[in-house]
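Engineer: After the structure tokens below, expect a handful of questions from me.
Readers should treat all values here as calculations from the given coordinates under stated rules, not as data from a laboratory. Worth saying up front: this structure is predicted, and the values here are computed from it rather than measured. Here the Cβ is made from the backbone with ideal geometry for all residues, glycine too, and neighbour counts use every protein chain on show.
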Amino acid sequence: MRARLLAASCMAASMLSAWPARADITVFGHYTFANGDTLSRASYYTQKQVRTTLPNGDEIIYDDREKTIMLIDHQGKRYWHGPKSQADSIATRIRSERMKTAAAAITPEQREQVSRLYSAMTDSVNVMQTDQTRKIAGYDCRLWVLTAGGLLLQERWVARALAMPDFSSECEKVVLASIADPLGSGLMTLVLQARQMDGLGLAGRIRFKTMRQQGEFSWEATGTSPTKIPPEAWQPPAGYARWEPPAESAAPAH
């Protein structure tokens, strides 16, 4: 589960990096988890809204018109929905809920080791655009590579034709909150900070290693549709319960 959470969040960094240039576009994607499971699902984009699918089953919906964020937990058949101004507090509460078991298992010595590894990792970050190109879902894409020592390798195929400004930083906070592994959270932070390319990622591969887990995740767009996105794409599934993570369990980020 932790491997899938880290992979999901790294995928989110790829999907949350830009909005497509056309008014409405649906991107159909196929994902392969670190444990071998697969998932096919669509993501939806307009100039004011986006619904992005995470490989752990969660989805995030951001509405720039209403300034709101929705996190859909399919496994629990529940969702959180609120103003983006609450992103800091809700991220803390989500992180607290998902880190209960993990936090109890971390010793002071391991925390110190995580700090040393993260410091060494940030000193070795490298992001570069390569000369490799390929066509994905009808769009010309160029390969970008991010490395951080031997702990992180991200390959990302970017379609510049779908370039738009950066996505909401408030959604990034909610994405980061889903990672229970402290070093995994650091890896994800590097992925978010290292975005130097303009465009939408239409395929990618993440290879990661932390003190607790290692694995590989990949995904690729299988097609796109420019047709108008129906209003129900911005709503939670029917029958899902509204969810408020317990405030009393909030804990500081690691």
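Engineer: Kindly flag which residue pairs out of LYS84/LYS135; LYS135/LYS173; LYS48/LYS173; LYS77/LYS135; LYS67/LYS209 have an alpha-carbon separation exceeding 30 Å in this structure.
Structural biologist: Beyond 30 Å: LYS84/LYS135; LYS135/LYS173; LYS77/LYS135; LYS67/LYS209.
Engineer: For an R0 of 30 angstrom, estimate the FRET efficiency from the Cβ-Cβ distance between GLN75 and THR133 and round to the nearest 0.05.
Structural biologist: That pair, GLN75 with THR133, gives E of 0.20.
Engineer: Ordered by packing density, taken as the mean number of other Cβ atoms within 10 Å over each peptide's residues, highest first, how do 31-37, 225-231 rank?
Structural biologist: The most tightly packed comes first, giving 31-37, 225-231.
Engineer: By how many nm would the segment from GLN47 to TRP243 grow when fully extended, if each residue of separation counts as 0.36 nm and the alpha-carbon distance is taken off?
Structural biologist: 67.8 nm
Engineer: Per-residue HN-Hα couplings for region 227-238, Karplus 6.51 cos²θ - 1.76 cosθ + 1.60 at θ = phi - 60°, whole Hz, x for Gly and Pro?
Structural biologist: 5, 4, 7, x, x, 5, 5, 9, 10, x, x, 4
Engineer: Right, here's the next one. Could you give each residue of region 72-83 its phi-based ³J(HN,Hα) in whole Hz, using Karplus coefficients 6.51, -1.76, 1.60 with θ = phi - 60°, and x for Gly or Pro?
Structural biologist: Whole-Hz 3J(HN,Hα) from phi for region 72-83: 9, 9, 6, 4, x, 6, 8, 8, 10, 9, x, x.
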